Amino acid sequence: MNDDSSATAVAESLRAELNRFSPGEKLPSSRTLVQRFRVSPVTVSRALSTLAAEGLVILRPGAGTYRAPNHAARIDSIDTSWQQVALATQDPDGPPRVVDASGVLANFATHAQDVIPFNEGYLHPTLAPERELGTALARAARRAGAWERPPVDGLTALRTWFGRGAGVGPAQVLVTAGGQAALTASLRALAPPGAPVLVESPTYPGVLAVARAAGLRLVPVPIDADGVRPDLLADAFSASGARVFLCQPLFQNPTGAVLADARRRVVLDIAHAAGAFVIEDDFARHLGHGDPLPPPLISEDRHGTVVHITSLTKPTSPNLRVGAMIARGPALERLRAVHFVDNFFVPRPLQEAALELVGAPAWPRHLRAVASGLRERRVAMVAALERELPGLVPKPVPFGGYHLWLRLPDGTDETALTHAALRAGVAISPGRPYFPAEAPAPHLRIAFAATAGPEEIVEGVERLSRALPETAPGL
């Protein structure tokens with residue numbers, strides 16, 4: 001067990017015991033806790049600091065640790081029922097503004113250590129460049145001016161690096177605090193409250209939450225194995241009058257679809273004819289499994305139609321929240337203004353660390369390791385499904401990304417299945433939150449990036465197969 005997990009365990013044990021102490025009473029000494037839990041003084045210090053940050057204990061250097069005064073009862077007794085009226089106030093002439101992150105938070109839920117995480121979307125620590133990130137952060141901290149305010153648009157060198165991947169110069173690039181912040185800024189900049197926005201169906205729940213919170217009207221456009229259907233896209237533009245279409249052309253979340261070559265130019269032409277923007281969420285650019293990848297959609301854009309979004313978070317760590325928005329023309333100025341109002345700028349040390357990381361010789365090696373690791377996990381998951389649940393194997397199987405999208409038998413209760421799977425020891429993502437309107441059928445997304453490897457994947461699929469008969473007829 002590492003120091004962080006040991007400190008967490010000690011903190012959990014002490015938290016459960018606090019009721020034994022009266023407010024203001026002294027807790028056992030650090031030396032006593034070291035002996036009791038058989039951990040280092042540093043681990044005990046971290047555990048106590050965690051409890052202090054939560055307001056549960058008070059640390060008095062040289063005197064000891066004391067249970068904090070109990071203010072919870074007084075605070076909890078406040079009558080906040082009036083807030084229901086205040087928060088429910090809506091513009092009577094506009095669409096409902098729904099602030100609901102449940103579809104996203106479900107994939108961030110913390111489960112017991114023995115639960116296999118088929119619901120998570122970040123790399124397992126064995127795939128993440130933790131050592132390289134540590135080195136990059138240390139070097140970044142020593143750079144001259146590392147703690148000075150950065151340019152509002154981002155460091156020029158980092159903007160140049162992001163722009164190179166899209167075939168544009170640094171003047172068209174804004175550095176953002178990850179992909180989610182870029183999605184939020186782009187929708188706010190390009191679509192006024194109440195406006196229709198076209199989205200793929202199904203699609204990433206995070207963008208659905210952003211749009212609903214902004215009071216936008218979601219218009220679903222169905223996709224198939226080759227990406228969004230151009231005929232339905234044209235119909236949706238015509239019927240809705242929308243001026244924004246948000247899509248994921250590469251390894252779409254959740255289906256894994258890649259926009260077919262024959263459709264790429266057609267999609268851009270349809271959007272241009274409608275006088276609309278295409279927001280290209282290129283979140284999976286560095287998550288291919290070794291096969292050649294199509295270039296970003298923006299590389300074929302001849303009219304300034306595409307607003308391109310990319311990020312370093314997925315191929316590195318959820319904590320490296322550094323991404324970029326790329327656009328041309330007046331839209332760039334609007335994006336810049338919204339991004340500045342929301343964030344001012346991305347912290348310079350984080351930008352400097354990102355530069356150190358992508359400029360190091362270890363970066364291409366890391367990307368090759370990610371490709372190999374994800375491919376190995378995908379192969380293991382598909383093989384396990386073919387053995388345990390052959391009727392659920394997706395066709396075609398994506399050649400990149402970190403998840404599979406499974407069509408469940410009609411009549412399957414996704415919620416009941418999710419609970420049954422968790423009881424069996426595997427966390428999964430039900431399909432309903434991925435649809436902006438009514439779901440045409442029950443689905444399930446299972447991810448493999450956060451797993452330890454093939455053995456854990458095989459065990460997870462076996463557990464899932466035991467849970468399915470309770471909720472999925474015909475399996």
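Any read-out appearing in this document is the output of simple, stated calculations on the displayed coordinates, not a laboratory observation. Source: prediction; values computed, not measured. Note that we place each Cβ from the backbone using ideal geometry, even for glycine, and neighbour counts take in every protein chain shown.
Details
- In terms of surrounding Cβ atoms within a 10 Å radius of their Cβ, 104, 397 rank from fewest to most as 397, 104.
- Computed on the chain, with alpha-carbon pairs under 8 angstrom and 6+ residues apart, the relative contact order is 19 percent.
- Look at where the Cα atoms of the stretch 105-134 and of the stretch 296-363 average out, and the two centres are 23 Å apart.
- Long-range amide H partners of residue 278 with built H, under 5 Å: 245, 306, 307
- In sequence order, calculated HN-Hα J values of the stretch 47-52 (Karplus, 6.51, -1.76, 1.60; Hz; x Gly/Pro): 4, 5, 5, 4, 5, 5
- For residue 116, the residues whose modelled amide H falls within less than 5 Å of its own, excluding neighbours fewer than 5 places apart on the same chain, are 426, 427.
- Excluding exposed DSSP-loop GluC sites (Glu not before Pro) (at most 10 other C-beta within 10 Å), longest clean stretch of the chain: 149-437
- Computed from backbone phi with θ = phi - 60° and the Karplus coefficients 6.51, -1.76 and 1.60, the 3J(HN,Hα) list for the stretch 249-261 is x, 10, 6, 3, 9, x, 7, x, 5, 10, 4, 5, 3 Hz; x is used for glycine and proline.
- Of the residues 59, 49, 32, the one whose Cα sits farthest toward the positive end of the charge dipole of the stretch 3-72, with +1 on the Cβ of Lys and Arg and -1 on the Cβ of Asp and Glu, is 32.
- Unit charges on C-beta of K, R, D, E only; dipole of the stretch 142-359, Debye: 620 debye
- The stretch 3-72 - Kirkwood radius from inverse mean 1/r over Cα pairs (Å): 12.0 Å
- Kirkwood hydrodynamic radius (C-alpha pairs) into Stokes-Einstein, the chain, 10 °C and 1.306 mPa s, D in µm²/s: 64 µm²/s
- Cβ-defined net charge surrounding residue 190, 10 Å radius [Lys, Arg +1; Asp, Glu -1]: +3
- Here the chain is assigned +1 on the Cβ of each Lys and Arg and -1 on the Cβ of each Asp and Glu. Its dipole about the Cα centre then comes out at about 1420 debye.
- The Cβ shell under 14 Å around residue 250 holds other residues with a net charge of -4, Lys and Arg each +1, Asp and Glu each -1.
- Sum of side-chain charges, residue 443 neighbourhood, beta-carbon under 12 Å (Lys, Arg +1; Asp, Glu -1): +1
- Residues whose placed amide H lies under 5 Å from that of residue 176, excluding near-sequence neighbours: 323, 324, 325
- Integer Hz, Karplus 6.51/-1.76/1.60 couplings in order for the stretch 197-211, x for Gly and Pro: 9, 7, 9, 5, 10, x, 7, 4, x, x, 6, 5, 5, 4, 5
- Put a plus charge on the Cβ of each Lys and Arg, a minus charge on the Cβ of each Asp and Glu, and nothing anywhere else: the dipole of the stretch 3-72 about its Cα centre is then about 260 debye.
- Note on the stretch 142-359: Cα-Cα pairs beyond 22 Å make up 47% of the total pair count.
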